[in-house]
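Visitor: Here it is, the structure, as structure tokens.
All of the numbers you see were taken from the coordinates with simple rules; none came from a lab. This one's a predicted model, so the numbers in the text were calculated from it and none came from an experiment. Quick reminder, even Gly has a Cβ in these numbers, built from the backbone with ideal geometry, and neighbours come from all protein chains shown.
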Amino acid sequence: MKQIKNICCIGAGYVGGPTMAVIAKNNPHITVTIVDINADRIAAWNDKDLTKLPIYEPGLADIVKETRNKNLFFSTDINKAIDQSEMIFMSVNTPTKTYGKGKGMAADLKYIELCARTIADVATTDKIVVEKSTLPVRTAEAIKSILHNTGNHINFHILSNPEFLAEGTAIKDLLNPDRVLIGGESEEAIESLAKIYESWVPKNQIIRTNLWSSELSKLTANAFLAQRISSINAISELCELTGANVNEVSKAIGMDSRIGSKFLKASVGFGGSCFQKDILNLVYIARSYHLNEVADYWEQVIIMNDHQKRRFSDRLIKTLYNTVSGKKIALLGWAFKKDTNDTRESAAIYVTDHLLSEQATVSVYDPKVSSEKMQSDLNYLNTRTEDENFNLVQTVSNPYDAVKNAHAVAIMTEWDEFITYDWEIIYKSMKKPAFIFDGRNILEKSKMEAIGFEYHAIGQ
Ligand code: UDX
Ligand code: ADP
């Protein structure tokens, strides 16, 4: 087994940052350097003010405080960090392709390829290269080919070590993972990585597989999790028409130990950087092998999710007497889930876009997302000009400003603080009748109705 003294992680994002911080914390004898081409992001990671870290995750700032500039470093000097390390994690973004073949479906691997080429060019000693980003099955083959055919003809071992952390609970998930998965061809390389995890993860929770099983397991895990949400969301629509209550149905089925209770919360639709991207990727791979039934099966999870987002805004518009033109709608929450400032694929973006197309004005409050981010999310859709987005969407730093004179409040993210608000004051400040559309089922129907609201939840 190779003794690892220096680790380099390429990509200082939502995965690379927290993962490496936890590895550094638990392996004080290893120097971990996280590098990124984005100099602003690296500067934010190095900011003395820990509230300025580029990503928000409960517990992350404490670990950064404990390890930064001791055995955890953030740098833009990518080549130096690669050359000095025995193990390199690739943790760069793999978004869905927005051009060319596979547009809108396949993963864009240009960042991964660039990473592999940089490693091949720079490395002068043998390296273990670890895929941390979620990648299509058989990506390791392409990486291997680049590493072995360019550069200095040194030895590379490729491992797949997908990360299963969920945002908002990243530190908890990393410190106490259900399992760690390592796929590879070289037993020595696998054991070198396993040893790093063994400093805090019980040995029997570290699974070894071949490369392709590891790559495919990550896509499959995300597809299964997303499928559960689309399944319960499908049932939520039926609940709204039959008098059944989706929360009661979830509880009833979740107590069956074969089904289990997690990931059965009906919502306005799942978001995040992984579920949609990974399923589209799975669908694309299945189609490329001409497995059309397999592809159609998984694609339905995405179709259902899009339907759920659209259904939510349709219902809001219909309830407001079929028009929201000129009406103020308050959105509480913009992040794709609570306890994160990440907004990738957040339902709030699509619901807002729909409301704007019906000429509503939208006022948004989120405890952790900046107004610049909200505006750039809308601009990215390219459905109207930046000025129009700016004029139609007001982003406020106080929830009570968001709801003032609004015709309806839509809850988009399940932030805990929303439950604690003084809903009587909110009611008084709104236009009447005052509507709540609870996209996360976090408020109590009877309490809201007692105040005077007309309350609509998902699946009730
Ligand atoms: C997910 C996987 O959980 C994680 O293992 C993987 O590494 C990355 O993708 P993440 O996207 O960070 O993690 O968050 P997750 O908690 O899975 O939530 C994803 C979306 O589903 C959120 O929008 C969330 O609000 C929604 N969701 C989740 C529901 O609507 N209902 C649920 O019951 C659970
Ligand atoms: P994830 O959620 O997978 O961590 P992010 O987008 O948050 O994704 O982070 C990926 C990071 O990888 C970004 O900060 C981006 O600047 C960085 N990155 C992408 N390509 C490269 C590269 N070739 N070299 C260094 N960093 C890169």
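Visitor: In percent, what relative contact order does region 332-389 have, based on Cα pairs under 8 Å that are 6 or more apart in sequence? All intermediate terms of the calculation are to be shown ahead of the outcome.
Guide: Numbers: 56 pairs, mean separation 19.5, N = 58.
Once normalised by length, the contact order is 34 percent.
Visitor: Among the DSSP beta bridges whose two residues both lie in the chain, what percent are antiparallel, rounded to the nearest 5? Each step should come with its number before you reach the end.
Guide: Values: 3 of 50 bridges.
Counting only bridges with both partners in the chain, antiparallel ones make up about 5 percent.
Visitor: Please state the relative contact order of the chain as a whole percent: Cα pairs under 8 Å, 6+ residues apart?
Guide: Values: 882 pairs, mean separation 54.6, N = 460.
Computed over the chain, the figure is 12 percent.
Visitor: Could you list which residues have their amide H under 5 Å from that of V201, counting only those 5 or more apart in sequence or on another chain, with H placed in the peptide plane?
Guide: none
Visitor: State, to one decimal in nm, how far the label point of S357 lies from the label point of K101, with both points 7 Å from Cα in the Cβ direction.
Guide: 3.1 nm
Visitor: Right, another one. Label points 7 Å out from Cα along the Cβ direction at E187 and S145: separation in nm?
Guide: 3.0 nm
Visitor: Please rank S192, S199, fewest neighbouring Cβ atoms within 10 Å first, as an exposure proxy. If you can, show how the numbers build up before the last one.
Guide: On the way: S192 22, S199 13.
Ascending Cβ contact count within 10 Å gives the list S199, S192.
Visitor: Treating cross-link reach as a plain straight distance, find the lysines whose alpha-carbon is under 28 Å from the alpha-carbon of K127, omitting any fewer than eight places away in the same chain.
Guide: In chain and number order, the partners are K2, K5, K25, K70, K80, K110, K144, K195, K203, K218.
Visitor: Using a Förster radius of 30 Å, what is the FRET efficiency between N38 and F390 based on their Cβ-Cβ separation? Nearest 0.05, please.
Guide: On the way: r = 25 Å, r/R0 = 0.83.
Efficiency computed from Cβ-Cβ geometry: 0.75.
Visitor: Please rank S91, S397, S363, fewest neighbouring Cβ atoms within 10 Å first, as an exposure proxy. Write down the numbers at each step before the final one.
Guide: Values: S91 25, S397 11, S363 22.
Listing S91, S397, S363 from fewest to most nearby Cβ atoms yields S397, S363, S91.
Visitor: Would you mind telling me the antiparallel percentage of the DSSP bridges in region 1-109, rounded to 5? All intermediate terms of the calculation are to be shown ahead of the outcome.
Guide: Working: 1 of 15 bridges.
Bridges in region 1-109 are about 5 percent antiparallel.
Visitor: With θ set to phi - 60° and the Karplus curve 6.51 cos²θ - 1.76 cosθ + 1.60, what are the ³J(HN,Hα) couplings of region 214-219 in order, to the nearest whole Hz, using x for Gly and Pro?
Guide: 3J(HN,Hα) across region 214-219, in whole Hz: 5, 4, 6, 4, 5, 4.
Visitor: If you don't mind, another one. Determine, for each peptide in 246-253, 341-348, the mean count of other beta carbons within 10 angstrom over its residues, then list the peptides with the highest first. Could you put the intermediate results ahead of the total?
Guide: Numbers: 246-253: 16.6, 341-348: 24.1.
Sorting 246-253, 341-348 by mean packing, highest first, produces 341-348, 246-253.
Visitor: Can you sort H354, H307 so the residue with the fewest Cβ neighbours within 10 Å comes first?
Guide: H307, H354
Visitor: For R138 and N6, what is the calculated FRET efficiency with R₀ set at 30 Å and r taken between the beta-carbons, to the nearest 0.05? Don't jump to the answer; show the numbers that get you there.
Guide: Values: r = 29 Å, r/R0 = 0.97.
Here the calculated transfer efficiency is 0.55.
Visitor: Moving on. Given a Förster distance of 30 Å, report the FRET efficiency between I303 and K251 from their Cβ-Cβ distance, rounded to the nearest 0.05.
Guide: Efficiency computed from Cβ-Cβ geometry: 0.65.
Visitor: Let me ask something additional. Picking from W423, A434, I458, whose Cα lies most toward the positive end of the charge dipole for region 410-460 (charges on Cβ: Lys, Arg +1; Asp, Glu -1)?
Guide: A434
Visitor: Same structure again: Relative to the longest principal Cα axis of the chain, at what angle does helix 371-381 sit, 0 to 90 degrees, rounded to 10?
Guide: Its long axis makes an angle of about 90 degrees.
Visitor: For labels at T383 and K318 in the simple 7 Å Cα→Cβ model, what's the distance in nm?
Guide: Each label point is offset 7 Å from its Cα along the Cβ direction, giving 1.9 nm.
Visitor: May I pose another question? Please list, in order along region 268-281, the HN-Hα scalar couplings obtained from phi with the Karplus expression 6.51 cos²θ - 1.76 cosθ + 1.60 (θ = phi - 60°), rounded to whole Hz, x for Gly and Pro.
Guide: Those phi angles translate into 6, x, 7, x, x, 7, 9, 4, 5, 4, 6, 5, 4, 5 Hz.
Visitor: Moving on. In debye, nearest 20, what is the charge dipole magnitude of the chain about its Cα centre with +1 on Lys and Arg Cβ and -1 on Asp and Glu Cβ, if you could check?
Guide: Details: 52 positive and 57 negative charges, 41 e Å.
Rounded to the nearest 20 debye, it is 200 debye.
Visitor: I would also like to ask the following. Under 14 Å from the 7 Å Cα→Cβ point of E293, by amide nitrogen: which residues of region 217-235?
Guide: None, by backbone N distance to the label point.
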